[in-house]
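Engineer: Dropping the structure in here first, questions after.
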Amino acid sequence: MKQQQAYSAAAAAAKVLTVSAVALAIAGCSLFSSDKRKPVELEPNVALISVQQAWTQRIGKSNPTLVMNVSGKVVTLASADGQVAAINADTGADLWRLNVGQKLSAGVGSDGQWAAVVTEDGNLVAINQGKEMWRKRLPARVYTAPLVAGQRIFVQSADRSVQAFDAASGQSLWAQAKTTEALVLRQSGVLTAYQDTLVAGVSGRFVGIDPNTGALRWEVPIASPRGTNDVERLVELVGGVSREGSVLCTRAYQMAVGCIDAATAQLSWTVRAEGINGISGDAEVVAGADGNGVITAWAHEGGSVVWTSNRLRYRKLSQPLVLGRSVIFGDSSGTVHMLSKKDGSPLNRFSTNSSGISVAPVLAGNTMVVQTNDGAVYGFRPE
């Protein structure tokens, strides 16, 4: 138990960033990388669901804050060195590709026409069908992919301030003040929409915002701060939101998993759950893994535990994708694991390459797209 707690604490510290300095983050990374526990040995593979590779592509090296965006059958993705591309998920062919000329810290947001990324030195870059239209300097670092909707681009900074820009002109429309938290996460947060409400994650709460004015409409807590120091009191919602109708579910970093009804601004349920990566779900389950690779599936209604699994323990899992009757994870060896949504039993597994997978797989049309850490991109389909 002490070993497990030490691992969880190290994983948590690796993602934390002070507002004024990065000493804590550096110390955390060294602790995290020192963990040498051997991943659980995999069982012999039995392919109960048959999957074939449809195509492969390449883009530069990735990182966990550069999530893939899906709009219909178009997947827009980016690399840490500044490559941004839109790919036809049916064929794997480029629709367009652009190098923004700087390293990236966050992306990609897209509505199929406009795309947006944020550079490491704090520039928001707006792209229209593969052409850079403008870039704006932001006041703080950004690790959350911009949200592009309604001809506007919304940005959430690491200090959880939110800004809105006109997509066509780059004009600033409004800005919300930053939080007063002593620490923030160097990790993707929550920025999404429900109908005509912008929804952000701020200090453990879902916050509903008027997208036209920036005015607060409602807030619902998933978890509350506790502890005696700034690290213990750090509470943030992390990227990877499951939406089913009006119900939004997410993880509060190292503290809880919970769901709200955005239509009524009411908490549906919340349960204690450690973990550092986002979750995925559908109308039946919400699933995610803790920092040690223990996977849990909760009932979408009520939050009771449906099953847990140790099969992929210590394999450094990505955020999952709940798809059909499967819960799908990538791991640090580059293996894609398909588990039964019903009971967590293995359905299939297959390999990409050995660089590992840290970005969540996505579904575009009838193609599952997987991006590896070294920049290989794969399209998979059921046979």
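Engineer: Return the only residue of Asn88, Asn63, Asn99 being without any contact (Cβ under 8 Å) to a residue 40 or more places away in the chain and under 22 Å from the mean Cα position of the chain (by Cα).
Structural biologist: When all the criteria are applied, what remains is Asn88.
Engineer: Let me ask something else. Just give me the residues in segment 270-290 being assigned to a loop (DSSP other than H, G, I, E, B) and touching a Gly at 6+ places or on another chain (Cβ under 6 Å), in sequence order.
Structural biologist: Of everything in segment 270-290, those that are assigned to a loop (DSSP other than H, G, I, E, B) and touching a Gly at 6+ places or on another chain (Cβ under 6 Å) turn out to be Gly275, Ile276, Gly278, Ile279, Asp290.
Engineer: In contact with a helix residue (DSSP H, G or I) (Cβ under 8 Å, 6 or more places away or on another chain) and in contact (Cβ under 8 Å) with a residue 40 or more places away in the chain: does that describe Val231?
Structural biologist: In short, yes.
Engineer: Only one of (1) buried (at least 18 other Cβ atoms within 10 Å of the Cβ); (2) under 18 Å from Ala126 (Cα atoms) fails for Arg160. Which number is that?
Structural biologist: (2)
Engineer: From the list Ala126, Ala93, exactly one residue is small (Gly, Ala, Ser) and under 25 Å from Val370 (Cβ atoms). Which is it?
Structural biologist: Checking each option against the conditions leaves just Ala93.
Engineer: For the structure I just gave you, tell me whether Ser280 is crowded, with 19+ Cβ neighbours inside 10 Å, of a type in the set (S, T, N, Q) and within 15 Å of Arg349 (Cβ to Cβ).
Structural biologist: So Ser280 does not fit the description; no.
Engineer: When you scan segment 315-383 for strands (runs of 3 or more DSSP E) that lie fully inside it, which ones turn up with 3 or more residues that are closer than 22 Å to Val108 by Cα and either more than 16 Å from the chain's Cα centre (by Cα) or touching a residue at least 40 places away in the same chain (Cβ under 8 Å) (or both)?
Structural biologist: 321-323, 326-330, 362-364, 367-371, 376-382
Engineer: Out of all the residues in segment 199-233, which are part of a strand (DSSP E or B), among the hydrophobic types (A, V, I, L, M, F, W, C) and over 17 Å from the mean Cα position of the chain (by Cα)?
Structural biologist: The answer is Val207, Ile209, Leu216, Trp218, Val220.
Engineer: Now a separate question. Can you find even one residue in segment 131-141 that is buried (at least 23 other Cβ atoms within 10 Å of the Cβ), in contact with an Asp or Glu (Cβ under 9 Å, 6 or more places away or on another chain), within 28 Å of Asp230 (Cβ to Cβ) and not aliphatic (A, V, I, L, M)?
Structural biologist: No, that holds for no residue.
Engineer: Might you check whether a residue that is within 21 Å of the chain's Cα centre (by Cα), farther than 25 Å from Ser358 by Cα and surrounded by 16 or more Cβ atoms within 10 Å (Cβ to Cβ) occurs anywhere in segment 186-197?
Structural biologist: So far as segment 186-197 goes, yes, one or more of its residues are within 21 Å of the chain's Cα centre (by Cα), farther than 25 Å from Ser358 by Cα and surrounded by 16 or more Cβ atoms within 10 Å (Cβ to Cβ).
Engineer: Moving on. Tally time: how many residues in segment 339-375 are more than 21 Å from Ser188 (Cα to Cα) and either crowded, with 19+ Cβ neighbours inside 10 Å or in contact with a helix residue (DSSP H, G or I) (Cβ under 9 Å, 6 or more places away or on another chain) (or both)?
Structural biologist: 10
Engineer: For segment 291-311, how many residues are free of Cβ contacts under 8 Å to residues at least 40 places away in the same chain, of a type in the set (Gly, Ala, Ser) and part of a loop (DSSP other than H, G, I, E, B)?
Structural biologist: Result for segment 291-311: 2.
Engineer: Please go through segment 234-269 and pick out each residue that is assigned to a loop (DSSP other than H, G, I, E, B), on the phi > 0 side of the Ramachandran plot and touching a strand residue (DSSP E or B) at 6+ places or on another chain (Cβ under 8 Å).
Structural biologist: The one that is assigned to a loop (DSSP other than H, G, I, E, B), on the phi > 0 side of the Ramachandran plot and touching a strand residue (DSSP E or B) at 6+ places or on another chain (Cβ under 8 Å): Ala265.
Engineer: Does segment 76-91 include one or more residues that are surrounded by fewer than 18 Cβ atoms within 10 Å (Cβ to Cβ), at pLDDT 95 or above, of a type in the set (Ser, Thr, Tyr) and under 28 Å from Gly324 (Cα atoms)?
Structural biologist: yes
Engineer: OK, next. From the list Gly302, Gly281, Gly288, exactly one residue is closer than 27 Å to Lys38 by Cα, in the same structural domain as Gln52 (by TED's automatic domain parsing) and not hydrophobic (A, V, I, L, M, F, W, C). Which is it?
Structural biologist: Just a single option satisfies the conditions, and that option is Gly288.
Engineer: Looking at Gln52, Gln57, which one is assigned to a strand (DSSP E or B), under 24 Å from the mean Cα position of the chain (by Cα), farther than 17 Å from Ile276 by Cα and at pLDDT 95 or above?
Structural biologist: Result: Gln57 is the single residue among Gln52, Gln57 that is assigned to a strand (DSSP E or B), under 24 Å from the mean Cα position of the chain (by Cα), farther than 17 Å from Ile276 by Cα and at pLDDT 95 or above.
The values are calculated or read from the model by the stated rules, or taken from the named source; none is laboratory data. Source: prediction; values computed, not measured. Positions of Cβ are generated from backbone atoms using ideal geometry, with glycine treated the same way; all protein chains shown enter the neighbour counts.
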